[in-house]
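Engineer: Please find one structure pasted underneath; my questions will follow.
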Amino acid sequence: MECNQNVASEDFADFIISNSNYSLDDTLQYNPSACGDYVDSQFSILYIPMQEAAPITTEKYEYYSIPNLYTTLDTSSLEASHILDTLEQPLLNLRGQGTIIGFIDTGIDYQNPLFRLKDGRSRILGIWDQTLPADITQKLPPGMPQVTVNDTIIYGTKFTNSEINKALENENPLTLIPSIDATGHGTILAEIAAGSQSPNAEFIGAAPECNIAVVKLKPAKQYLRDFYLVPDSAEAYQENDIMMGIKYLTLISAQYRMPLVICLGLGTNTGSHEGTSPLGLLLRKLNLTTGFASVVAAGNEVGMAHHYLGSIQSNMDYEDVEITVAENEKGFTAELWASTPELYTVGFVSPTGQIIQRIPLNNERDTYVTFTLENTHITVHYVITEQGSGSQFITMRFQSPTPGIWRIRVYNYLFITGSYHIWLPITGFISSGTVFLNPNPYTTITEPANAYSCITIGAYNHWDGSLYIHSSYGNNRLQFEKPNIVAPGVNVYSPSMNGLSVVYETGTSVAAAHVAGAVAILMTWGIVHGHNLSMNANSIRTLLIRGADRNPVHIYPSREWGMGRLNLYQTILRLRE
């Protein structure tokens, strides 16, 4: 069926499918009431009417196909990164010109003067607002430009540079383009990475002459929030929407024939922590492409007690993993990931002492656990070999958990090393009081930053030189070195959206914005100016590492500091060596 309905509505369930076995057209033949769209040659998105798709369970659908949920990673600076030194060298003429920085986030305040040229025209080449209906002319005042869905984007509304400029000429731009950034997160990242110099010369972005493209993500559908037990107050965005956002940005890049840097300030604790989710695999492929690089925030999970590193010796029957559950916790998920090729099973001990014996290993079947004295339900699902990583993983879904100390009793079924990981949901998706009693701060890089080819950015405090207290530690689960470098991410200054005050933002997403601007400058040098026409994420990562500042006190590579602090000017100087 053609996608002639609003697939962004709650009437459809979204699934990520791999094109390796069947094409999207083949899949649609077996699902005549569904419709879909290609992301790239690797992946497609399938939309099935909810009345046919329900219930959404891991027994009915592959874990890999159910979109993960992501949230934003945030909780003076250009001098610390030596970006100003580069901008102030007139002979270098490196200010990001001829490149595009793409943002997939909460949107952008397109009226902000920091995103305009000196003549008032917008530097934004395109906005795809996923929250607006495809035919918004029916819901807006007369004068709204006609926007139609083309063959590449089947939901939301796209706005071109000429339409943005037309809106800016209007007395009330929002009557023509009603796209806003309600939280300001996306706007702040764009200001830091790509903002023009402010009229009072007190602020300038890292790449002030680059072009900008924006995807405003729609909020996650309620059925997925329910599936992952995400609190109603949490910001949550779907993996497939991010993937389609990447598709849109690559189309803009191709249209304008410009190199593209994607700044991604989103993350999740769901997944293998190897970068093998569909989103991670998509980025891995694109990062090998000339003229493309993704800069991804490492996450802010250190000190949040959401990661447990398990170790069962060969002479042990089991290991108890203790979780304290906060009052009024409506529910949460926990994921156990085994070291390949090991196998594990689990049981439980409730706060009242009821013991649930080990649940037999049954591949791809849900097991429902209830308790005599608690109103808690736990759904356990074993996957013997997960499609992306090849590892076994176990998902445990706690509904209405009784407050107190819960024990996950982990049994080794096939012993090699006895090492495994368990992750609780990312900060914001779980109560702050629901934590592991014996957490491990390492391997806390959020997805998709664990993908090897991504340029993964931690955060440090440029005011005092210390590491940001919550900046996630590496490495990834395969022990690939992460983060790659760190950049300023504590109390970073940017103008507010109303232009009347300033805001100070903290988090690894802010640090990633710094580096995205630095990467755009390197692409100007390499691709636009013709010094290195084959630049991609891998070569740019190496250049950034070569120029990074390293403290002799630390041993590198560091699981906390990566390969050092961003120093763009030193990177530029070393290009001459």
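Engineer: So if I check each of Tyr442, Tyr452, which one is out of contact with any strand residue (DSSP E or B) (no Cβ under 6 Å at 6 or more places or on another chain) and closer than 25 Å to Thr289 by Cα? Please lay out each step first, then the result.
Structural biologist: Working: Tyr442 fails: closer than 25 Å to Thr289 by Cα.
Step by step, each of Tyr442, Tyr452 is checked, and only Tyr452 is out of contact with any strand residue (DSSP E or B) (no Cβ under 6 Å at 6 or more places or on another chain) and closer than 25 Å to Thr289 by Cα.
Engineer: Identify, by number, the condition in (1) within 30 Å of Met304 (Cα to Cα); (2) at pLDDT 95 or above; (3) not β-branched (Val, Ile, Thr) that Ala13 doesn't meet.
Structural biologist: So Ala13 meets the others, but not (1).
Engineer: Just checking: which of the strands (runs of 3 or more DSSP E) contained wholly in the range 459-577 hold 3 or more residues that are under 19 Å from the mean Cα position of the chain (by Cα) and crowded, with 17+ Cβ neighbours inside 10 Å?
Structural biologist: Working: elements: 485-488, 492-495, 502-505.
Answer list for the range 459-577: 485-488.
Engineer: Sticking with this one: Would you point out the residue of the range 67-81, among those that are assigned to a loop (DSSP other than H, G, I, E, B) and farther than 30 Å from Ile384 by Cβ, that is modelled with the highest pLDDT? If you could, list the steps in order and put the result at the bottom.
Structural biologist: Initial filter on the range 67-81 (assigned to a loop (DSSP other than H, G, I, E, B)): 67-68, 73-76, 81.
The next check asks that each one be farther than 30 Å from Ile384 by Cβ; those that pass are 73-76, 81.
Details: Leu73: 90, Asp74: 78, Thr75: 67, Ser76: 45, Ser81: 58.
Out of the qualifying residues, it is Leu73.
Engineer: Still on this structure, I have one more. Tell me the residue from Leu117, Leu84, Leu125 that is in contact with a helix residue (DSSP H, G or I) (Cβ under 6 Å, 6 or more places away or on another chain) and modelled with pLDDT of 90 or more, please.
Structural biologist: Leu125
Engineer: I'm trying to understand the selection: among the residues of the range 524-538, which are farther than 22 Å from Leu266 by Cβ and of a type in the set (A, V, I, L, M)?
Structural biologist: Correct list: Ile527, Val528, Leu533, Met535.
Engineer: Right, something else. Being buried (at least 23 other Cβ atoms within 10 Å of the Cβ) and among the hydrophobic types (A, V, I, L, M, F, W, C) is the filter here, so list the residues in the range 168-195 that pass it.
Structural biologist: Ile177, Ile188, Leu189, Ala190, Ile192, Ala193, Ala194
Engineer: All but one of (1) at pLDDT below 95; (2) surrounded by 15 or more Cβ atoms within 10 Å (Cβ to Cβ) hold for Val410; which doesn't?
Structural biologist: (1)
Engineer: From Leu266, Leu260, Leu279, Leu283, grab the single residue that is over 13 Å from the mean Cα position of the chain (by Cα), surrounded by 24 or more Cβ atoms within 10 Å (Cβ to Cβ) and aliphatic (A, V, I, L, M).
Structural biologist: Leu260
Engineer: A follow-up question, please. Take the conditions buried (at least 24 other Cβ atoms within 10 Å of the Cβ) and at pLDDT 95 or above and apply them to Leu224. Does it pass?
Structural biologist: no
Engineer: Can you name every one of the strands (runs of 3 or more DSSP E) wholly within the range 224-338 that holds 2 or more residues which are aliphatic (A, V, I, L, M) and in contact with a Leu (Cβ under 7 Å, 6 or more places away or on another chain)?
Structural biologist: Fully inside the range 224-338 and qualifying: 260-264, 292-297.
Engineer: Report yes if some residue within the range 326-333 is at positive phi and modelled with pLDDT of 95 or more; otherwise report no.
Structural biologist: Yes, the range 326-333 contains a residue that is at positive phi and modelled with pLDDT of 95 or more.
Engineer: In addition: Scan the range 446-458 and give yes if some residue there is at positive phi and either under 16 Å from the mean Cα position of the chain (by Cα) or assigned to a loop (DSSP other than H, G, I, E, B) (or both), otherwise no.
Structural biologist: If we filter the range 446-458 for residues that are at positive phi, which is where we start, we get none.
No, there is no match, as no residue in the range 446-458 is at positive phi and either under 16 Å from the mean Cα position of the chain (by Cα) or assigned to a loop (DSSP other than H, G, I, E, B) (or both).
Engineer: Determine if the range 50-66 includes at least one residue that is crowded, with 18+ Cβ neighbours inside 10 Å and either part of a strand (DSSP E or B) or among the charged types (D, E, K, R) (or both).
Structural biologist: Within the range 50-66 (the criterion being crowded, with 18+ Cβ neighbours inside 10 Å and either part of a strand (DSSP E or B) or among the charged types (D, E, K, R) (or both)), the answer is no, since none of the residues qualifies.
Engineer: Further question: Go through the range 25-47 and give me each residue that's surrounded by fewer than 19 Cβ atoms within 10 Å (Cβ to Cβ) and either under 14 Å from Ser65 (Cα atoms) or aromatic (Phe, Trp, Tyr) (or both).
Structural biologist: Those that are surrounded by fewer than 19 Cβ atoms within 10 Å (Cβ to Cβ) and either under 14 Å from Ser65 (Cα atoms) or aromatic (Phe, Trp, Tyr) (or both): Thr27, Tyr30, Tyr38, Gln42.
Engineer: Something else now. Limited to the range 458-485, what total is found for residues that are touching an Asp or Glu at 6+ places or on another chain (Cβ under 8 Å) and among the aliphatic types (A, V, I, L, M)?
Structural biologist: Result for the range 458-485: 2.
The rows are residues; the columns are (1) more than 25 Å from Ile242 (Cα to Cα); (2) modelled with pLDDT of 95 or more; (3) acidic (Asp, Glu).
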position: Met396; (1), (2), (3): yes, yes, no
position: Ser400; (1), (2), (3): yes, yes, no
position: Ile416; (1), (2), (3): yes, no, no
position: Tyr420; (1), (2), (3): yes, yes, no
position: Pro439; (1), (2), (3): yes, yes, no
position: Ala449; (1), (2), (3): no, yes, no
position: Cys454; (1), (2), (3): no, yes, no
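Engineer: For the range 18-29, enumerate the residues that are outside any loop (DSSP other than H, G, I, E, B) and either of a type in the set (A, V, I, L, M) or closer than 19 Å to Gln387 by Cβ (or both). Spell out how you get there, then give the answer.
Structural biologist: Within the range 18-29, the subset outside any loop (DSSP other than H, G, I, E, B) is 18, 24-29.
Correct list: Ser18, Leu24, Asp26, Thr27, Leu28.
The values are calculated or read from the model by the stated rules, or taken from the named source; none is laboratory data. What you see is a predicted model; the values in this text were computed from it and never measured. Note: ideal-geometry Cβ built from the backbone for every residue, glycine included; neighbour counts use all protein chains shown.
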